[in-house]
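S.K.: Mind looking over this structure? Questions follow.
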Amino acid sequence: IWGFCSDGPHTILVLKFVKNGSLDKALFGTVGSPILLEWKQRFNIALGVAKGLVYLHRECLEWVIHCDVKPGNILLDENLEPKITEFGLAKLLIRGGSNKSISWICGTRGYIAPEWVSNLPITAKVDVYSFGVVLLELLEGARVSEWSANADETVEMAITRLVRMLEENTKMQASTQAWIPGFIDPRLNGHFNGMQARAMIKLAVSCVQEDRNMRPTMENVVQQLLS
């Protein structure tokens, strides 16, 4: 942030200009976006966002839960390096673990972790869940809101169905990867790293587990991406 004004009805934030706009415009082919993210760029964006969340969760002076991680809140600079933005829903994280003061649902449908609607204490694992959905979107090249197989299937049901399918597929031997090209964004025309794709799919599935205790921390996510 470069500056602000808060004078009665006159409110404004002045932020650094980020040349390539938000990730959703680049990833989902919004009208007016000339960018088609290549595989290496998608991987680097996933890694950069993961590192940013590690910083928020464990490294900055005040630990922060973002609460609304999604492509629309990830900006891309001139080098397509990701910048996490929009902290309007963010909450300070009690360093002991949970933050029981949050009593209303925060976030965007499709990226909201199950514990938001289960009256469980909110922890940084809600951001892990949202990151997992974003990772699946980076791989598939489609919005989570478009995953429903029919009009009667909610976004939440579509995520559950997709995760179950991916879990079964990833249990196959590493040499059996015929299903992976069918899942990866067809606009890449098969130009992706098969080993990386399989690892990223497994990682995404672990991030969106309904039981938050089964999700990795963002530190674990970064380690797995770097390995």
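The values are calculated or read from the model by the stated rules, or taken from the named source; none is laboratory data. Not measured: the values here are computed from a predicted model. When we count neighbours, we look across all protein chains shown, and the Cβ atoms used for this are built from the backbone with ideal geometry, even at glycine. Calculation scope for accessible area: heavy atoms of the full protein, side chains included, ligands and nucleic acids excluded. Shrake-Rupley method; radii C 1.70, N 1.55, O 1.52, S 1.80 Å.
S.K.: Within the set of pairs 6+ apart or on separate chains, which have a first residue in the stretch 69-85 that is touching a residue at least 40 places away in the same chain (Cβ under 8 Å) and over 21 Å from Ala124 (Cβ atoms), a second that is in a loop (DSSP other than H, G, I, E, B) and basic (Lys, Arg), and C-beta atoms under 8 Å apart?
M.R.: Taking only residues 6 or more apart or on different chains, the pairs are Leu76/Lys19; Asp77/Lys19; Glu78/Lys19.
S.K.: Hey, another quick one. Taking the residues in the stretch 19-41 that are of a type in the set (A, V, I, L, M) and at pLDDT below 90 as candidates, determine which candidate is farthest from Trp147 (Cα to Cα).
M.R.: Of everything passing the filter in the stretch 19-41, Ile35 is farthest from Trp147 (Cα to Cα).
S.K.: Continuing with this model, one more query. Restricting attention to the stretch 139-175, which residues are hydroxyl-bearing (Ser, Thr, Tyr), part of a loop (DSSP other than H, G, I, E, B) and under 19 Å from Ala113 (Cα atoms)?
M.R.: Ser148, Thr154
S.K.: For residues that are among the hydrophobic types (A, V, I, L, M, F, W, C) and either in contact (Cβ under 8 Å) with a residue 12 or more places away in the chain or within 25 Å of Leu37 (Cα to Cα) (or both), scanning just the stretch 56-68, find the one that is most open to solvent (accessible area, probe 1.4 Å).
M.R.: Trp63
Table: residues versus (1) in a strand (DSSP E or B); (2) surrounded by fewer than 19 Cβ atoms within 10 Å (Cβ to Cβ).
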| residue | (1), (2) |
| --- | --- |
| Ser6 | yes, yes |
| Phe17 | no, yes |
| Asp24 | no, yes |
| Gly29 | no, yes |
| Lys40 | no, yes |
| Leu53 | no, no |
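S.K.: Exactly one condition in (1) of a type in the set (A, V, I, L, M); (2) under 19 Å from the mean Cα position of the chain (by Cα); (3) more than 24 Å from Gly110 (Cβ to Cβ) is false for Ala199; which is it?
M.R.: So Ala199 meets the others, but not (3).
S.K.: Of everything in the stretch 115-165 that's of a type in the set (Phe, Trp, Tyr) and free of Cβ contacts under 8 Å to residues at least 40 places away in the same chain, which residue is surrounded by the most Cβ atoms within 10 Å (Cβ to Cβ)?
M.R.: Trp147
S.K.: Still on this model: Listed residues Gly190, Gly182; which is open to solvent by 40 Å² or more (accessible area, probe 1.4 Å), without any contact (Cβ under 8 Å) to a residue 60 or more places away in the chain, out of contact with any Leu (no Cβ under 9 Å at 6 or more places or on another chain) and at positive phi?
M.R.: The match here is Gly190.
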